[in-house]
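**Q** Have a look at the structure that comes next, please.
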């Protein structure tokens, strides 16, 4: 699986913009990557470990009959409130335009206008050049 596809979590999170993925120390490989350097909360994530998602064709929450489940709603609410990003909107976008188009849009949406790096969703700026440009 290509890295850019592997970086889209079942919940719709783009791991490529996550602080744990972007940082240099203890670099997390993303939701679909090896468990090395993942936080305890990521390892125990109810969504990542959901058996229904693992059996689905797409491997995304939008295929589940419980979509959006309580856990996804809680996660979405936290990210909307704190980071101005929605997991549910991401999932709807993946479902409607496809994963490749979603990834293309994400690359542009989160690209630092100064250096071309990724804007960190958790910090709101580019960790490479520290430019706030979203």
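Values quoted throughout were computed directly from the atomic coordinates according to the rules given, and no laboratory measurement underlies them. Keep in mind that what you see is a predicted model, and the values were worked out from it rather than measured. Here Cβ is always computed from backbone atoms with ideal geometry, including for glycine, and neighbour counts include all displayed protein chains.
**Q** Counting other beta carbons within 10 Å of each residue's own, what order do 39, 56 fall into, fewest first?
**A** 39, 56
**Q** Still on this structure: Can you give the helix-only mean residue ellipticity at 222 nm for the chain, where every DSSP H stretch with n ≥ 4 adds -39500 (n - 2.57) and the sum goes over all residues, rounded to the nearest 500 deg cm²/dmol?
**A** The helix contribution divided over the chain gives -10500 deg cm²/dmol.
**Q** Fewest to most neighbouring Cβ within 10 Å: what's the order for 95, 104, 54?
**A** Fewest to most other Cβ atoms nearby, the residues stand as 54, 104, 95.
**Q** For the chain, find the longest principal axis of its Cα atoms and tell me its angle to the long axis of helix 87-97, 0 to 90°, nearest 10.
**A** Tilt of helix 87-97: around 80 degrees.
**Q** Using Cα pairs under 8 angstrom and six or more residues apart, how large is the relative contact order of the chain, in percent?
**A** 22
**Q** Moving to a separate point now. Please report, in cubic angstrom per residue, the volume enclosed by the convex hull of the alpha-carbon atoms of the chain.
**A** 106
**Q** Taking neighbour counts of Cβ atoms within 10 Å as a proxy for exposure, in what order, fewest first, do 121, 132 appear?
**A** Going from least to most buried by this count: 132, 121.
**Q** With r as the distance between the Cβ atoms of residue 63 and residue 104 and R0 = 22 Å, compute the FRET efficiency 1/(1 + (r/R0)^6) and round to 0.05.
**A** Plugging the Cβ-Cβ distance into 1/(1 + (r/R0)^6) gives 0.50.
**Q** For segment 43-60 and segment 103-134, write down the distance between their C-alpha centroids in whole Å.
**A** The distance from the Cα centre of segment 43-60 to that of segment 103-134 comes to 28 Å.
**Q** Could you give the angle, 0 to 90 degrees to the nearest 10, between helix 70-83's Cα long axis and the longest principal axis of the Cα atoms of the chain?
**A** 10
**Q** Just to confirm the number: angle between the C-alpha axis of helix 99-109 and the first principal axis of the chain, 0 to 90 degrees, nearest 10?
**A** That works out to roughly 30 degrees.
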